[in-house]
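Enquirer: One structure, pasted below without further comment.
The values are calculated or read from the model by the stated rules, or taken from the named source; none is laboratory data. Everything numeric in this text was worked out from a predicted model, so none of it was measured. Counting neighbours? That spans all protein chains shown, and the Cβs are built from the backbone with ideal geometry, glycine included.
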Amino acid sequence: MASPFFKVIPVRPVLRDQCEITMRLYLHQVVTGPNHNQETMVPSSHPASFGMIVINDWPIYDGPDFNTSTIVAHARGMHVQVDQVNNTWYTSMNIEFVDARFNGSKLQVMGTTPETGEWAIVGGTGQLAMAYGTIQHNIVKNNPGIETTRQLDIHAFYSTPQTQALPISFAINPTLTSVPFLAMPK
């Protein structure tokens, strides 16, 4: 039997004061019209629009009805058509919060954008420092080529501003050299 190409090593958490958060929000993408919130920066002549780059500033609301809901964040970034056959967009963006609780804090998000899918939360700033997690997204309203509403189910872990790393200790790995790691309290 061949050796696996990976090795899984369990680790203990190294941060104190870590918080978990879940949110259900709604992203509003307007492709065309006077209120469009994205702009094609690099067009493509490819049949599947392969290579097209679009910059976005999508508002994110606390409810699905944009007439009665409040904008709590903006998804600012870009999406790139990365598939030569299918409609597959790679998305990289910051979700910047404008609500009172997380004002100015950001989640860094990336992934592909099928009708239903998952984005990775790969970082955060402000009140959401060092965030990681996922965003499950699915289309709840679609007017093709004009506008789309996505439900975002956010599940993340982040470090509170008081979080500090613990003192550094050293472990000796006989096959390598001294490897620093963060010690955990007993």
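Enquirer: Restricting attention to the stretch 79-119, which residues are among the small types (Gly, Ala, Ser), farther than 19 Å from Ile53 by Cβ and crowded, with 18+ Cβ neighbours inside 10 Å?
Expert: Going residue by residue through the stretch 79-119, those that are among the small types (Gly, Ala, Ser) are 92, 100, 104-105, 111, 117.
Retained after the next criterion (residues that are farther than 19 Å from Ile53 by Cβ): 100, 104-105, 117.
Ser105 - this is the single residue of the stretch 79-119 that is among the small types (Gly, Ala, Ser), farther than 19 Å from Ile53 by Cβ and crowded, with 18+ Cβ neighbours inside 10 Å.
Enquirer: Could you pull out the residue among Ser45, Ser69, Ser3 that is surrounded by fewer than 16 Cβ atoms within 10 Å (Cβ to Cβ), more than 21 Å from the chain's Cα centre (by Cα) and at pLDDT 95 or above?
Expert: Numbers: Ser69 fails: surrounded by fewer than 16 Cβ atoms within 10 Å (Cβ to Cβ); Ser3 fails: at pLDDT 95 or above.
Only one candidate qualifies: Ser45.
Enquirer: Moving on. Quick test for you: out of Gly104, Gly111, Gly124, Gly77, pick the one residue that is at pLDDT 95 or above and touching a Leu at 6+ places or on another chain (Cβ under 9 Å).
Expert: Gly124
Enquirer: State whether one or more residues within the stretch 134-154 are more than 29 Å from Pro34 (Cβ to Cβ), at pLDDT 90 or above, touching a helix residue (DSSP H, G or I) at 6+ places or on another chain (Cβ under 8 Å) and in a strand (DSSP E or B).
Expert: No - not one qualifying residue is present in the stretch 134-154.
Enquirer: Go over the candidates Ile55, Ile60 one by one and state the one that is closer than 21 Å to Asn138 by Cβ and either touching a residue at least 12 places away in the same chain (Cβ under 8 Å) or assigned to a strand (DSSP E or B) (or both).
Expert: Ile60
Enquirer: Okay, next question. Which residues, taken from the stretch 122-148, are surrounded by 19 or more Cβ atoms within 10 Å (Cβ to Cβ) and within 15 Å of Arg24 (Cβ to Cβ)?
Expert: Correct list: Gly133, Ile135, His137.
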